[in-house]
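The values are calculated or read from the model by the stated rules, or taken from the named source; none is laboratory data. Computed from a prediction, not measured in an experiment: that's the story for all the values here. Reconstructed Cβ throughout: ideal geometry from the backbone, glycine too, with neighbour counts over all protein chains shown.
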Amino acid sequence: MHYLGIDVAKAKLDCSLLVDQEQDKYKFKTVENSPAGFAKLLDWIMARGLSVAELHIVMEATGIYHEQAAIALHDAGIKVSVANPAHVKGFAYGLGVRTKTDGVDSRVLARYGLLAKPPCWQPPSLESRILKGLLARREAIKQDLRREQNRLEKAESGKESTLIQQSITDSITFLMAQLKKIQSQIDDHIDQDPTLKNDRELLESIPAIGVQSSTQLLAVMHGHTFNSAEQLAAYLGVVPIERQSGSSLNGRAKLSKSGPSHLRATLYMAAVVAIQHNPHVKAVYERLLAKGKTKMSALGAAMRKLVHLCFGVLKTQQKYQPDYKNA
């Protein structure tokens, strides 16, 4: 197996092909991050006498910029892994690599593929990609709306002119209409897809999981492959990180807080409701409080339990059962 590391940027892909594993020698290629660039990269690979069956490509998850390349190379029949940047950074540190350039990063990724053997990536369905895009647009509109509402508050407090206040009010009215429209499009998109619709209903069968949280979780769980509830919890950043070593270090465990912060904020609000109305989450929360844990620590565990329940209903394809003892 040959390993090709790709450092992804908005405009280009820096590629390092590991040609000699013992001597740590590479061949380099830079192409555009575009369909034409992907075709050039495939031609370059073929010109080196390699077949797609003996190639494993490793790249980092870089927002939206890696997705086109990953999908195109996967569709060409190549094994593709999309690595967690934090894992690759730790790997590079372990190798003693301190320099950070595009070329060095691509070499590290190739080496990471050789030694770590990361799992192969599977592209999400077209429906889940559309849902992800709609949710991203909704979040952008919500942020713009909050900014305009803050501006209106300041304008009213500062006795700004009526013209300025009216302009901001008009903008708020427009954004609220756009938010309502995008939410309708999200609902229609889910309702038109039997799998998305079914899974949203399963998620919403869990007390404290409402429309907003179920939709966001749906996009994450359909856009990635999670083999266990712990993997999903780790992706969302709701697993505890211990800080303890010998007698000199004994820090309090904290949530890792990796992954999408806006979804973690949604989970936090859902957990606040769940500790009152969800029997499984409430039991976890009260048990930890009885052991002397802080409320924030117990609430973090409640968030994690809620994630486990979400994974469980989609895994089993059964609605939430409040009397299920091993949930």
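In this structure, is ARG107 among the charged types (D, E, K, R) and in contact with a Phe, Trp or Tyr (Cβ under 7 Å, 6 or more places away or on another chain)? Please lay out each step first, then the result.
On the way: among the charged types (D, E, K, R): yes; in contact with a Phe, Trp or Tyr (Cβ under 7 Å, 6 or more places away or on another chain): yes.
Judged against the criteria, ARG107 is a match.
Taking helices (runs of 4 or more DSSP H) that do not extend beyond the stretch 153-240, which have at least 1 residues that are of a type in the set (Gly, Ala, Ser) and touching a Gly at 6+ places or on another chain (Cβ under 9 Å)? Write out each step before concluding.
Working: elements: 162-191, 194-204, 211-223, 229-236.
Here the list reads 229-236.
Quick check on the stretch 122-137: of everything there that is in contact (Cβ under 8 Å) with a residue 60 or more places away in the chain and under 12 Å from HIS224 (Cα atoms), which residue is surrounded by the fewest Cβ atoms within 10 Å (Cβ to Cβ)?
GLN122
Report, ordered by the first and then the second residue, all pairs with beta carbons closer than 9 Å, sequence separation of six or more or different chains, a first member in the stretch 175-190 that is acidic (Asp, Glu), and a second member that is buried (at least 16 other Cβ atoms within 10 Å of the Cβ).
ASP187/THR215
Working only within the stretch 142-168, note down all residues that are among the aliphatic types (A, V, I, L, M) and either closer than 30 Å to LYS79 by Cα or surrounded by fewer than 17 Cβ atoms within 10 Å (Cβ to Cβ) (or both). Before the answer, list the steps.
Taking the stretch 142-168 as the starting set, the residues that turn out to be among the aliphatic types (A, V, I, L, M) are 145, 152, 155, 163-164, 168.
Hits for the stretch 142-168 are LEU163, ILE164.
Examine the stretch 254-269 for a residue that is part of a loop (DSSP other than H, G, I, E, B), at pLDDT below 85, surrounded by 12 or more Cβ atoms within 10 Å (Cβ to Cβ) and of a type in the set (Lys, Arg), and state whether such a residue exists.
yes
So, of the residues in the stretch 191-204 that are touching a residue at least 12 places away in the same chain (Cβ under 8 Å) and surrounded by 15 or more Cβ atoms within 10 Å (Cβ to Cβ), which turns out to be nearest to VAL273 (Cα to Cα)?
Of everything passing the filter in the stretch 191-204, LEU203 is nearest to VAL273 (Cα to Cα).
Filter the stretch 66-85 down to residues that are surrounded by fewer than 18 Cβ atoms within 10 Å (Cβ to Cβ) and within 10 Å of ASN33 (Cβ to Cβ), then give me how many there are.
1
Within the stretch 45-61, track down each residue that is buried (at least 16 other Cβ atoms within 10 Å of the Cβ) and under 19 Å from PHE28 (Cβ atoms).
The answer is ILE45, LEU50, LEU55, HIS56, ILE57, VAL58, MET59, GLU60.
Within the stretch 279-304, take every residue that is of a type in the set (Gly, Ala, Ser) and in contact with a Leu (Cβ under 7 Å, 6 or more places away or on another chain) and give me the one that is nearest to ASP323 (Cα to Cα).
Of the stretch 279-304, the ones of a type in the set (Gly, Ala, Ser) are 283, 290, 292, 297-298, 300-302.
Subset that is in contact with a Leu (Cβ under 7 Å, 6 or more places away or on another chain): 297-298, 300-301.
Details: SER297: 25, ALA298: 22, GLY300: 23, ALA301: 20 Å.
So the residue we want is ALA301.
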